[in-house]
Structure formats: structure tokens, C-alpha cells
Amino acid sequence: MSILETIESPADLKKLQSFQLHELAEDLRKIITDTCAATGGHLAPSLGVVELTIALHRVFSTPTDKIIWDVGHQAYAHKLLTGRRDNFKTLRTLNGISGFPKRHESPHDSFDVGHSSTSISAATGFAVARDLEGRKDKIVAVIGDGSMTGGIAYEAINHAGHLNKDMIIILNDNEMSIAENVGALSHFLTRTASSEFIHHFKKNTESFLKRLEVGNGVLHLARKIEESFKGLFTPAMLFQAFGFEYIGPVDGHNLPAMIETLESVKKFDSAVLVHILTKKGMGYTPAEQNPSMFHGVGPFEIETGKIIMGKGGAASYTAVFGSALCKLAAENERITAITAAMPDGTGLTGFSRDFPARFYDVGIAEQHAVTFAAGLAAAGYRPVFAVYSSFLQRAYDQVSHDVCIQNLPVTFAIDRAGVVGNDGPTHHGAFDISYLRHLPNITLMAPKDENELQHMLATAIALGSPAAVRYPRGNGYGVALDQKLNIIPTGRAELLREGDSAAVFALGTMVYPALDVAATLEREGISLNVVNARFVKPLDEAMIITMAEKYGVLITIEENSRQGGFGTAVLELLEQHSLGSIRVLRLGYPDSYIPQGEQHELRAILGLDSIGIAKSIRTFLAS
């Protein structure tokens, strides 16, 4: 029996001998690697924090103590140590355990996450609540270096330092430049600063000096000497300026050092930041050598690290977008590209190579990205911000205030619109139509296939006003790609199939399923018009009204929440033209968060595959 098989809860971890912890670390790495090889997942981040996770659960006692994981893609070892070992093989699958901490899964998961930079804010809330209730439990936020590029992290650390509550921030640093500040002196400073005796000695000395007639001056001088000395060799000054006591850097793979450090800071009663150094992908050579590729990875061969490719040879929407943007940028030197720490995921790697002076990765800072784009646009450029649908939500205020109010020509290339699969509700692009459609000045489009995506991108950039193109995760249909990119007439839909029973207005990914359904129902005596809506805003009002008046029945299909979506826009149009008697069937996402699962599984559950759409239309027309 392996050491891991003896761990049913963190309480069992505390019973192990020190020498057994290293074997436990090996067990954790093996099951994480084996599982990710089968299901995909965030492999490199989780491998990098195995020792940290063991140390946290060795020293602290969840769920009484709270551990808040930032993003949560580093929490696989945490899940394995908190009662989910037997279910871990279901990671990120339909009805399986989530790839992120979820409160409904375990009391050891104190806060739901999935997006970046939220841990310090949440931890501050937990710390305030604890103190209001007079409890003594410990609050720990684990934040990765990438997450420290998000502005909310600094807003939180500024507030937390001001409150100076009893809380611990673990800064997991695996690639920041400050990782180079390692050596004998830093090790000495770490051991000295993390000593419980030194911590209390400092506080007692401060209290004593304050009582002396010259205490304040001496105290100020002592603090300046300490800060200046440590600040020369460590990042201490930055975090001390925020009001945190700084400990580190600490080798995050040295279990005895980690446990010793955490045992020491556990006895502190004020805000402290522990800076640890780790290696992404630690323990699995392919992930160590290419941590970016194995950050979030699909199924792969364990022996070689080779990614197992899916079926079909069609290019992905993401790749087609990136290629089309490069083509347009070669013709227009005013085009720039922006990403928020996702150059690979958004298809901008080629652009960054071909046009390095016009490519900008701003880090995990979507708010800044949008206003930065607005500044570029106001200065005469044509910025394209490539971003996942659910990540753009973080910058809604900037889209409205800084882009749309000024009517600036910023193009939003919204990737991962619709269900994305195994990452679940924090990543599904279920709301972008709803949160963008009502903004004045914006044009909103969705292509039926990868070829139309090219033309919509060209159209968006040429408009001279705010525009967004939403497209899904995954491969296209393998249609031929036009070499010449054309401008699509704004607000013009495309009639693809004529019928005499009703009109179906399908948007984006729902166009081809709608055509399949029309062919099926034709054999049953139901003849449908199928329209590629193309534009959510502005709508093709003339075609919608003509179809409504002719047939008295309209059907809308979209991969977005029905609340405020494309179908709602059609209803509003009919109401404006006093056509409220028209019967309308709106197919889309329900008023609930969508779980994790493969895209085809989720569309079937939601009734948005060909079978589900046909069933809904039959029932609607029969009634």
C-alpha cells in the first residue's frame, strides 16, 4: 500500500513520520501525472506545489483553518489529501470532480475559484469575519506569481496590509525575476526573519522604545536600517510598504524548510507574506522542460509527453483568427494585438513573432488591457484585444466607459464563446452577448464557420467603432478559407435555406446544426427557412420583420444565456414594431451555471445539439 492510500483526510497526514513525507510527494506526483495524461488538466502548476501542499496540511488544520487557492489550478494535491483520492480519476469530467476548488465538493475547499488574483481579497474577508466572531483560526492565501500581475491582487494586499489582520499570504514564485534573488544572504535573512523569537523580540522592542522619551526616533531609525538592509537583497521592501512582514525566499521543494517556516509564521498575529520558490512541472521532465505547454494540457503519452491529438484535421477557430490577424496587420501597420497573459491560448503567438513591436502582453490584467487598447485607439491605432469570453467579464466597466462611450475603434476578439468543456462554469462563455449587446456604439458578430470568422475580423477592424466577434473553442468545419478578406455589410443576415413553415434565425455555432435539423424535419413535412443571423447588433431588422409577418412564427438559436441574448433582442424588435402576437421559440442556455463536461455532452444536455433542437422545434410547432 502506498503512503497516499493511507491518507483519507489531512488528519492522517499529521500522523506520518517526517521521512514518509517525501514518499507521499512522489505518490502525489504520480497520480496527478497519470490522471492528467488521461483526462487533461493543469499539470505543471499542480506538480510545482506538491511540497507546499503537504507542508500546508501538515501545519494547518482545515477546514477550521482556511486555505484559499488563487485560480485553483494548483489544487490537485490539495484535493488528493482532502478525501477525494478515490474520485480523482473523474477529474474535469461530466459529473466528476472539478479541476478547481469548489465549496460544494468539500469543506476543505473554502472558496470557489477559477479566475485569477482573487485569493487575497477573499482571505481578507475571511480574516475580518473571523475577528468579528472572536475566533483564532488561521487564514492562508496561496497566490501564484502570474496572479500577481492582476490589479485586484494589489488592491487586496493594500487593504489587507492596512487592516494588518492575522493572515498569511504564500507567494508561489516560479518564474518572476525576483526568483534570481537567492543565495546565502537571502537564506540567512529568511531564517532570521522567520524566527518566532525574532518576531516577538521585534514587537517587544518596539513597545519598549515607544515608552522611552527618544523612542519614536530610535524606532524609526531601527526600522529604516532593517528595511534598507533587507531591501538590498530581497523583495522585502515592496511587501513591507504594503504593511506585510516579509519572509523569504524559501525553497518551496524543501519540505523541512517549508514546514519549519510555516510553523513559525503560524504563531504570528499580524499580516505576513511568505515568498517561496518553486519549479513548474517539478518531477515530470516534459513538464519541467515545457511548463507553458503543460500548464493546461489535453491527454498525453506519459512516456514521451506527446500530446494525443483529437480527431479531425480542421484548423481551430483560434488558429484561423491568428492567421487572419497577421494577414490584416501586414496590410495595415496601424493594427496592434493585445493579450492578457494568453498569447498561445488566443492564437497570437504568430503575431508576436511577425510583428513584435505591435504585440503587447499586459499580464493577467484585463481591465488595463481594455483601457490600454482605448488609449491606442484614441491615438489613431486599431487595437485588437484577443480574450476569452469569461475573462472579458473582468473588464466590463472599461468596455463601457473607456471604449464605447468614446466610440473608439477597439476590436474584441472573443474566444471560447459558448461551452468550453472541462474547465466548467468559471470558463464557459455563456454571457458575452448579454453583457455587450446593450452597450451603445458596439457592433457584435458571430461567424457560422472559420472562413466567415476571417471576414468578420476584417469587418470589425474596418468599422472605425467598437466591435466584437465571438467564436467558439475548438476546430472549425474544415471549410475552404478565402484568401481575400471581404467586408460584410453591417447588420446583414444571410438566408441559407428557404422553406414555408417557419423561420429559424441561428447564430454562430448553431447555424450548421440548424441546417441539419431543417434537412431532418423536411422529411417529416416541416419546411424551415434557415437564416445565418451573423449580427446580434445591429440586427437585420428588415429580414426578421419580413419573416415574422410572413410566417407568424420565429425560432432563434444561440450559444448564450437566453436572458438578454440574441433571442431577447429579436423579441424586443418585434415589440417595437407592434408584432407582439408573433410566436417565438428561443433556444439557448438556461438561467443557471453550466457544469463541466465535453462540449458535445453539454450541448446534448442543454438541448442544443441537432437531436435536441429538432425535438424542441417539433414540440413548439405542434403546440
query: Residue check: is Leu521 buried (at least 21 other Cβ atoms within 10 Å of the Cβ), closer than 25 Å to Phe385 by Cβ and outside the structural domain of Arg382 (by TED's automatic domain parsing)?
result: no
- request: Could you list all residues from the range 238-254 that are under 30 Å from Gly41 (Cα atoms), surrounded by fewer than 23 Cβ atoms within 10 Å (Cβ to Cβ) and touching a Gly at 6+ places or on another chain (Cβ under 9 Å)?
  value: His253
field: Residue list for the range 361-390, restricted to those being surrounded by 24 or more Cβ atoms within 10 Å (Cβ to Cβ) and more than 16 Å from Ala337 (Cβ to Cβ)
entry: Ile364, Ser389
field: Residue within the range 558-567 that is outside the structural domain of Arg437 (by TED's automatic domain parsing), out of contact with any Ser or Thr (no Cβ under 6 Å at 6 or more places or on another chain) and within 21 Å of Gly499 (Cα to Cα) present
entry: yes
message: Pull out all pairs, ordered by first then second residue, where Cβ-Cβ is under 7 Å, the residues are six or more apart or on different chains, the first lies in the range 333-347 and is closer than 15 Å to Thr318 by Cβ, and the second is basic (Lys, Arg).
response: Ala337/Arg358
message: So if I check each of Thr53, Thr35, which one is assigned to a helix (DSSP H, G or I) and crowded, with 24+ Cβ neighbours inside 10 Å?
response: Thr53
statement: When the range 391-409 is checked residue by residue, the ones that are surrounded by fewer than 18 Cβ atoms within 10 Å (Cβ to Cβ) and over 21 Å from the mean Cα position of the chain (by Cα) are His401, Ile405, Gln406, Asn407
query: How many residues, within the range 42-63, are more than 13 Å from Lys79 (Cα to Cα) and of a type in the set (Val, Ile, Thr)?
result: 1
message: Scan the range 541-560 and tell me whether some residue there is out of contact with any Cys (no Cβ under 6 Å at 6 or more places or on another chain), at pLDDT 95 or above, assigned to a loop (DSSP other than H, G, I, E, B) and not small (Gly, Ala, Ser).
response: no
field: Top-ranked residue of the range 336-360 - restricted to ones that are surrounded by fewer than 22 Cβ atoms within 10 Å (Cβ to Cβ) and among the aliphatic types (A, V, I, L, M), ranked as farthest from the chain's Cα centre (by Cα)
entry: Ala357
Subset of the range 568-595 [in a helix (DSSP H, G or I) and crowded, with 16+ Cβ neighbours inside 10 Å]: Thr568, Ala569, Val570, Leu571, Leu573, Leu574
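Per-residue answers, yes or no, for (1) of a type outside the set (A, V, I, L, M, F, W, C); (2) more than 23 Å from Ile487 (Cα to Cα); (3) touching a Ser or Thr at 6+ places or on another chain (Cβ under 7 Å):
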position	(1), (2), (3)
Ala329	no, no, no
Thr336	yes, no, no
Pro343	yes, yes, yes
Pro356	yes, yes, no
His368	yes, yes, no
Phe372	no, yes, no
Ala377	no, no, no
- prompt: Which members of the range 300-353 meet the condition of being part of a helix (DSSP H, G or I), farther than 19 Å from Gly478 by Cα and among the hydroxyl-bearing types (Ser, Thr, Tyr)?
  reply: Thr349, Ser352
- prompt: If you take the residues of the range 255-273 that are among the hydroxyl-bearing types (Ser, Thr, Tyr) and in a helix (DSSP H, G or I), which of them is surrounded by the most Cβ atoms within 10 Å (Cβ to Cβ)?
  reply: Thr261
- prompt: From Arg497, Arg492, which residue is among the charged types (D, E, K, R) and under 22 Å from Gly588 (Cβ atoms)?
  reply: Arg497
Selected residue (criterion: nearest to Thr53 (Cα to Cα)) from residues of the range 64-98 that are surrounded by fewer than 24 Cβ atoms within 10 Å (Cβ to Cβ) and among the small types (Gly, Ala, Ser): Gly83
task: Return yes when Pro513 is surrounded by fewer than 24 Cβ atoms within 10 Å (Cβ to Cβ) and under 29 Å from the mean Cα position of the chain (by Cα) and no when it is not.
output: yes
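The values are calculated or read from the model by the stated rules, or taken from the named source; none is laboratory data. Because the structure is a prediction, the values reported are computed rather than measured. Using ideal geometry, Cβ is built from the backbone for each residue, glycine included, and neighbour counts are taken over all protein chains shown.
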